[in-house]
1. If residue A:30 meets every condition in (1) open to solvent by less than 70 Å² (accessible area, probe 1.4 Å); (2) over 23 Å from residue B:88 (Cβ atoms); (3) within 14 Å of chain B (Cβ to nearest Cβ) apart from one, which number is that one?
2. Name the strands (runs of 3 or more DSSP E) wholly inside region B:13-115 in which the number of residues that are closer than 24 Å to residue A:6 by Cβ is 2 or more.
3. What pairs can you find where one residue is in region A:4-17 and in contact (Cβ under 8 Å) with a residue 12 or more places away in the chain, the other is of a type in the set (Asp, Glu) and open to solvent by less than 70 Å² (accessible area, probe 1.4 Å), and their Cβ atoms are less than 7 Å apart, with a gap of 6+ or different chains?
4. Consider residue A:111 against the criteria (1) more than 30 Å from residue A:15 (Cβ to Cβ); (2) assigned to a strand (DSSP E or B); (3) of a type outside the set (D, E, K, R): it satisfies all of them except one. Which criterion is unmet?
5. Please work out which one of (1) of a type in the set (Lys, Arg); (2) over 17 Å from residue B:35 (Cβ atoms); (3) surrounded by 16 or more Cβ atoms within 10 Å (Cβ to Cβ) is the condition residue A:38 fails and give its number.
6. Please enumerate the residues belonging to region B:46-58 that are touching a residue at least 12 places away in the same chain (Cβ under 8 Å) and either more than 19 Å from residue B:80 (Cα to Cα) or among the small types (Gly, Ala, Ser) (or both).
7. Is it the case that residue A:65 is assigned to a strand (DSSP E or B), surrounded by fewer than 16 Cβ atoms within 10 Å (Cβ to Cβ) and at pLDDT 95 or above?
8. Which of the residues belonging to region B:91-115 are surrounded by fewer than 16 Cβ atoms within 10 Å (Cβ to Cβ) and away from chain A (no Cβ under 11 Å)?
Amino acid sequence: AQKVTQAQTEISVVEKEDVTLDCVYETRDTTYYLFWYKQPPSGELVFLIRRNSFDEQNEISGRYSWNFQKSTSSFNFTITASQVVDSAVYFCALNEETSGSRLTFGEGTQLTVNP
Amino acid sequence: NAGVTQTPKFQVLKTGQSMTLQCAQDMNHEYMSWYRQDPGMGLRLIHYSVGAGITDQGEVPNGYNVSRSTTEDFPLRLLSAAPSQTSVYFCASSYQGTSGPYEQYFGPGTRLTVT
């Protein structure tokens with residue numbers, strides 16, 4: 001069965017600090033897909049990134065970067081030079097190939113960026 | 001495109017009442033799903049559908065019913081509301097490409113309170 005763990009329930013940083021959100025997953029499939037979503041205080045869910053299990057390249061998008069390591073079953077998310085607008089709940093999610101499009105979410109990490 | 005729409009945005013029910021949460025998408029996605037979000041528990045899958053006429057249970061299906069008569073619509077029915085069903089409900093849609101499942105597009109959510 002697939003499982004996602006986000007051990008950090010809440011993180012609080014001061015603006016301009018770098019912050020890393022951890023995500024550890026469990027799966028028996030060799031093909032799977034990992035996602036990150038952002039949920040700002042307004043409540044909507046915003047897609048950030050999709051990564052398949054065969055692509056271990058790290059990705060950078062502006063101030064956001066993702067580190068995918070199959071050896072440790074982790075898909076961590078780093079925000080560089082955090083801003084107040086980054087304050088949100090961030091969810092990591094896993095989709096096993098054998099489960100169709102069924103997503104399993106982690107519990108989420110509440111990030112607060114203070115001015 | 002409107003994307004994924006949900007109605008109503010807010011609803012208060014008394015224990016034992018029934019109601020239907022509406023969900024529609026205009027992206028011709030074959031896959032649709034319903035999640036509930038409770039504090040500290042992330043999003044949990046209630047029911048999902050891989051196409052018109054095909055539905056299946058997710059992680060927490062008890063007390064809910066779904067049907068999918070068209071590609072566009074995927075209503076969620078609460079048969080006899082209970083206080084434990086107080087939650088925020090999200091509908092989502094996605095498609096499966098040749099390189100696997102793509103990101104899910106979420107509706108704005110319905111905040112349901114059962115008294």
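1. The single condition residue A:30 does not satisfy is (1).
2. Values: elements: B:19-25, B:31-37, B:43-51, B:54-57, B:64-66, B:76-78, B:87-94, B:110-114.
Counting at least 2 such residues, we get B:31-37, B:43-51, B:87-94.
3. Matching pairs, first to second residue: A:6/A:22; A:7/A:22; A:8/A:22.
4. Every listed condition holds for residue A:111 apart from (1).
5. (2)
6. Within region B:46-58, the first condition is being touching a residue at least 12 places away in the same chain (Cβ under 8 Å), and the residues that meet it are B:46-55, B:58.
Passing the criteria: B:48, B:49, B:50, B:51, B:52, B:53, B:54, B:55, B:58.
7. Working: assigned to a strand (DSSP E or B): yes; surrounded by fewer than 16 Cβ atoms within 10 Å (Cβ to Cβ): no; at pLDDT 95 or above: yes.
So residue A:65 fails the test.
8. Passing the criteria: B:98, B:113, B:115.
The values are calculated or read from the model by the stated rules, or taken from the named source; none is laboratory data. For clarity, every value in this text was computed on a predicted model and none was experimentally measured. Note: ideal-geometry Cβ built from the backbone for every residue, glycine included; neighbour counts use all protein chains shown. Each accessible area value is taken on the protein alone, full model and side chains, heavy atoms only, with ligands, DNA and RNA left out. Shrake-Rupley method; radii C 1.70, N 1.55, O 1.52, S 1.80 Å.
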